[in-house]
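Participant: My structure is below; once you've seen it, I'll send some questions.
The values are calculated or read from the model by the stated rules, or taken from the named source; none is laboratory data. Everything quoted here is computed from the prediction, not taken from an experiment. As a convention, Cβ positions derive from the backbone with ideal geometry for all residues, glycine included, and neighbour counts pool all protein chains shown. Note: accessible area is taken over every heavy atom of the protein model, side chains too, but ligands, DNA and RNA are not part of it. Shrake-Rupley method; radii C 1.70, N 1.55, O 1.52, S 1.80 Å.
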Amino acid sequence: PRPSVTIDCVVFGYDGEHLSVLLLNRKDDPFADQWTLLGGFLKLEETFEVAAERVLSQKAGLTGLYLEQLYTFGGLDRDPRGRVLSVSYYALVNPRQIELVIGQMANDLRWYPIEALPTLGFDHNHIIEIARRRLAAKVTYQPVGFELLNEKFTVTELQDLYERILGEPLDRRNFYKKIMASGILTRTGERRTGFNSSPAELFSYDKTRYRQLLKEGFQFKI
């Protein structure tokens with residue numbers, strides 16, 4: 001006897017107000033009519049990353065996402081079908097820029113705020129918690145958070161995203177100083193007018209500049 005292997009994907013999204021996770025309502029047992037992560041069994045001819053991309057495409061119509069391997073979960077009783085290992089990934093997406101397509105094996109897909117998750121099948125609540133910790137650590141030394149934003153954003157919106165991910169408030173002046181000193185933001189020359197507030201300057205993330213700075217030994221830090 002040998003264990004089976006599944007791929008489970010934690011898809012983080014940010015809609016400007018909430019950091020959320022995309023969940024799937026299962027059609028089949030185990031955990032029929034309950035919420036889980038997007039996942040599926042690994043095929044013999046697939047690498048882990050290819051399998052993760054297939055799962056995202058088939059289950060939700062998602063392609064081209066930022067994707068990173070998270071961890072391998074191997075609890076003896078994590079799956080009622082038998083001995084099943086889970087190689088997990090996390091992905092980042094802006095929900096305002098994609099259209100979900102519900103796959104044949106799902107009743108529904110839904111974004112749930114990270115602070116209001118339902119009880120999930122398998123050990124998926126635990127997987128999400130580990131993924132959130134990884135993301136919170138990652139955004140402090142690599143600018144992956146921009147994957148969750150619109151192409152143009154204010155520094156206030158960027159700070160709000162970081163606060164949602166880190167789960168704690170940040171000093172506004174210190175954050176502005178650090179992010180502007182990084183040199184990876186480009187002024188767009190545009191401003192956004194908010195309700196009862198003065199127009200806020202819009203920026204964009206300069207990925208090419210960031211890659212160039214990395215070659216020069218630059219270390220991003222928030």
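Participant: Under the rule that an exposed site lies in a DSSP loop and has at most 11 other Cβ atoms within 10 Å, name the longest stretch of the chain with no chymotrypsin sites (Phe, Trp or Tyr not before Pro) of that kind, not counting the sites themselves.
Facilitator: Details: sites that count: Tyr141, Phe195.
The answer is 1-140.
Participant: Which three semi-axes in whole Å describe the equivalent ellipsoid of region 1-111, each the square root of 5 times a Cα gyration tensor eigenvalue, listed largest first?
Facilitator: For region 1-111, the ellipsoid semi-axes come out as 23, 16, 13 Å.
Participant: Separate question: Suppose a student asked you for the relative contact order of the chain, using Cα pairs under 8 Å spaced at least 6 residues apart; what percent would you report?
Facilitator: So the answer I get is 21 percent.
Participant: Rounded to the nearest 5, what is the percent of antiparallel bridges among the DSSP beta bridges in the chain?
Facilitator: Numbers: 29 of 39 bridges.
The antiparallel fraction comes to roughly 75 percent.
Participant: Counting only protein heavy atoms and using a 1.4 Å probe, what share of the accessible area of region 102-173 belongs to carbon plus sulfur, as a whole percent?
Facilitator: Reported share for carbon and sulfur atoms: 46 percent.
Participant: In the structure shown, do any of Lys27/Lys152; Lys178/Lys215; Lys177/Lys215; Lys138/Lys215; Lys27/Lys207; Lys59/Lys221 have a Cα-Cα gap over 30 Å, and if so which?
Facilitator: Working: Lys27/Lys152 39 Å; Lys178/Lys215 20 Å; Lys177/Lys215 23 Å; Lys138/Lys215 19 Å; Lys27/Lys207 40 Å; Lys59/Lys221 35 Å.
Listed pairs above 30 Å: Lys27/Lys152; Lys27/Lys207; Lys59/Lys221.
Participant: Moving on to the next point. Distance between Cα centroids, region 1-65 to region 154-222: provide it in whole Å.
Facilitator: 31
Participant: Moving on to the next point. Which FRET efficiency, nearest 0.05, do Tyr71 and Ser198 yield, Cβ-Cβ r, R0 35 Å? Present the calculation step by step, with values, prior to reporting the outcome.
Facilitator: On the way: r = 45 Å, r/R0 = 1.27.
Calculated value: 0.20.
Participant: Provide Met180, Met105 ordered by accessible surface of protein heavy atoms (probe 1.4 Å), highest first.
Facilitator: Working: Met180 50, Met105 110 Å².
Accessible-area ranking of Met180, Met105, largest first: Met105, Met180.
Participant: For n ≥ 4 DSSP H runs only, could you compute -39500 (n - 2.57) per run for the chain, divide by its residues and tell me the 222 nm figure to the nearest 500?
Facilitator: -8000 deg cm²/dmol
Participant: Can you sort Glu46, Glu190 by 1.4 Å-probe accessible area, starting with the largest?
Facilitator: These residues rank, largest area first, as Glu190, Glu46.
Participant: Just reorder Thr156, Thr208 by solvent-accessible area, largest first, 1.4 Å probe, all chains present.
Facilitator: If we order Thr156, Thr208 from most to least accessible, we get Thr208, Thr156.
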